[in-house]
1. With the Cα gyration tensor of region 96-154 giving a ≥ b ≥ c as the square roots of its eigenvalues, does the rule (a/c under 1.5 for rounded; else a/b larger than b/c for prolate; else oblate) give rounded, prolate or oblate?
2. Among the chymotrypsin sites (Phe, Trp or Tyr not before Pro) within region 62-161, which fall in a DSSP loop and have no more than 12 other Cβ atoms within 10 Å of their own Cβ?
3. Just the number please: accessible area per residue for region 138-200, 1.4 Å probe, all protein chains included, in Å².
4. Send over a whole-number figure in Å² for the accessible area per residue of region 257-309, probe 1.4 Å.
5. Please give the contour-minus-distance gain from Leu80 to Ile97: 0.36 nm per residue of separation, less the Cα-Cα distance, rounded to one decimal in nm.
6. Looking at region 237-301, I'd like the Rg to Rh ratio, where Rg is from alpha-carbon atoms and Rh is Kirkwood's inverse mean 1/r.
7. How many nm is it between the label spots at Thr193 and Ser309, if each spot is 7 Å from the Cα in line with the beta carbon?
8. Within the chain, what whole-number % of the accessible surface is contributed by carbon and sulfur, with the 1.4 Å probe and all protein chains included in the calculation?
Amino acid sequence: MIISRLTMFAQKHCITQNCCTGGWFVLSYLGVLVCPFPTLLHRGDAPIISHMWETMWETESMKLGYTEDGHCKGEVSADLPQISHLRWDISDECIEIIKQQLHIATRLYKDVDLTLRIYQEYGKGFIKKCRVSPDAYLQMALQIAYFRDSGKFNLTYEASMTRMFREGRTETVRPVSVESCAFVRAMDDPTKTNEERVALLTAAADRHVNTYRDAMTGKGVDRHLFCLYVVSRYLELDSPFLQEVLSEPWRLSTSQTPHNQTDLWDLKKHAKHICPGGGFGPVADDGYGVSYIIAGEDTMFFHISSKKSSDATDSTRFKQNIDRALHDMREMFRDVMAKRVTTEEAKKDK
């Protein structure tokens, strides 16, 4: 089995070496900036940190530059606050609890099966020629991959930002629909033509775009369901409906992290600065976590995670299914596009 260098790096440094004591945390960031005065930053969702990181990276690498010996250019200042060693007074009971939680966290991270894929067969450039939303296109590819991997459809989560609202964070997009299921089934149905498959994909993508737009504008359902659940607990009311809906497992959890949170640098001119981003673990014990990035016109990143203890999942297998889905969708569009060109040329000849 061939494991990419990027996957090996992630497994070694992001999971194994940190032993749950390093800085690899979801939706968390801690940094100290001394320019021009000490500032403490803590916490932040991925887009916020991405925006900050791109600004810092562009300033350091493209504006300021480096010296010949590799140091950042700029004046060295010795006017720094005195650093003092913090000594914690921790009780024996607290230390024991920390050890217990470390044991639990260690067991969890050792169970993570993580693989990364840098996909460069094609990217946003080709997808736009297909006149399909890139995010909807990839979500349908993930649906094909999951159906081929498990033989069924399952509840799928996609994160949507709600930054249009004050203190807004996320809402859930549910990519699985009647339209998406029809398209996925058609991809492996030999009686269907590629023209029919493209029509089904277009309908599924349109449905997905509308669902995503609803989630962004406060018309999603999941945060409202959660609020109803909170109210029911406060009123001490049992709701069989809420219990059933909120207990359904998200066996495919997905999220896209957009590149270029700023317009400070061009991905085409500075391709070496493209970052593969990060990922997250599966929500369900027998599910997958897939973080993906559409990086420029011809590069996409996928972070695929699952649990080693599950017999139903395998991250490498799912990566292969994503590759196959993307390949099949491209060939489908190529065939339809070629036929359109032939038809148009035939009309001109007449």
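The values are calculated or read from the model by the stated rules, or taken from the named source; none is laboratory data. Being a predicted model, the structure only gives us computed values, none of them experimental. Here Cβ is always computed from backbone atoms with ideal geometry, including for glycine, and neighbour counts include all displayed protein chains. Protein only, heavy atoms only, side chains kept; ligands, DNA and RNA dropped before computing areas. Shrake-Rupley method; radii C 1.70, N 1.55, O 1.52, S 1.80 Å.
1. Prolate.
2. Trp88
3. 46
4. 44
5. Contour length minus the Cα-Cα distance gives 2.5 nm.
6. On the Cα set of region 237-301, Rg over Rh gives 1.23.
7. Each label point is offset 7 Å from its Cα along the Cβ direction, giving 5.2 nm.
8. The computed percentage sits at 56.
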